[in-house]
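Computed from the coordinates by the stated procedures, all read-outs in this text should not be read as laboratory data. Treat the numbers as computed from the prediction; the structure is a model and nothing was measured. Note: ideal-geometry Cβ built from the backbone for every residue, glycine included; neighbour counts use all protein chains shown.
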Amino acid sequence: MATRTLSAGEVVLIRHGETEWSLSGRHTGNTDIPLTANGEQEAQALAPLLEDLGVELVLVSPLQRARRTCELAGLAEGARVEPDLREWNYGAYEGLTSAEIQREAPGWMVFRDGCPEGESPAQIGARADRVIQRLRAHGGMVAVVAHGHLLRVLAARWIGLPPSQGSHFLLDTASLSILSSYRGEPALGCWNAAAL
């Protein structure tokens, strides 16, 4: 991603760096696990891309993988923990891979079906909507450091799509994306850009 300054109302989304579970494909909702050594390097590589963006507000998930990414990316000073940025609550599917879940529930997709004993798409969509309301009320340049599935739903809701459409926005660890606008309409300015 070429270095640039954010415009008023733009939001840079940052997915946390690699963890053991993201590496192995295990669904990591509320399990509070650290970054791997590689995940720390990924997060550090974000810092030069973020230092000149002109960010005025940083919102971060309360989970340590997001908070550590925020710190290593140089955004921790003044960052505010936002509980609505927690990852999807996978309930009974926490810690399982998609293949393991598919054996129990063939055809399952989190964005469409949600999770037993966890969150539905409507529930995570409501959390994303609260975050978006806060972002738009701020009106300045904001950075959000959070998690893959939550950020995918956030992007879908930003442009007016239902939470289920988050399935169309692939998102790698330690990636940068920008929520923007085009002629007054919400738009994606950049998606899934890697620092490394």
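Arrange HIS138, HIS16, HIS149 by Cβ neighbour counts within 10 Å, fewest through most, would you?
Details: HIS138 15, HIS16 32, HIS149 24.
Ascending Cβ contact count within 10 Å gives the list HIS138, HIS149, HIS16.
Fully extending the segment from GLU117 to GLN102, taken as 0.36 nm per residue of separation minus the present Cα-Cα distance, adds 3.7 nm.
Let me have the relative contact order for the chain, percent, based on Cα pairs under 8 Å that are six or more residues apart. Before the final figure, lay out each step's value.
On the way: 424 pairs, mean separation 60.1, N = 196.
Averaging sequence separation for qualifying contacts and normalising by length gives 31 percent for the chain.
For the range 11-194, what does the equivalent ellipsoid look like in terms of its semi-axes, each the square root of 5 times an eigenvalue of the Cα gyration tensor, given largest first in whole Å? The partial results should precede the final answer.
Details: eigenvalues 123, 80, 37 Å².
One finds semi-axes of 25, 20, 14 Å for the range 11-194.
Please report THR69, THR31, THR36 as a ranked list, fewest other C-beta atoms within 10 angstrom at the top and most at the bottom.
Sorted ascending by nearby Cβ count, the order is THR31, THR36, THR69.
Please arrange VAL55, VAL153, VAL81 by how many other C-beta atoms lie within 10 Å of their C-beta, fewest to most. Each step should come with its number before you reach the end.
Working: VAL55 21, VAL153 28, VAL81 14.
The order, fewest Cβ neighbours first, is VAL81, VAL55, VAL153.
Of all beta bridges that DSSP places with both ends in the chain, some 55 percent have antiparallel geometry.
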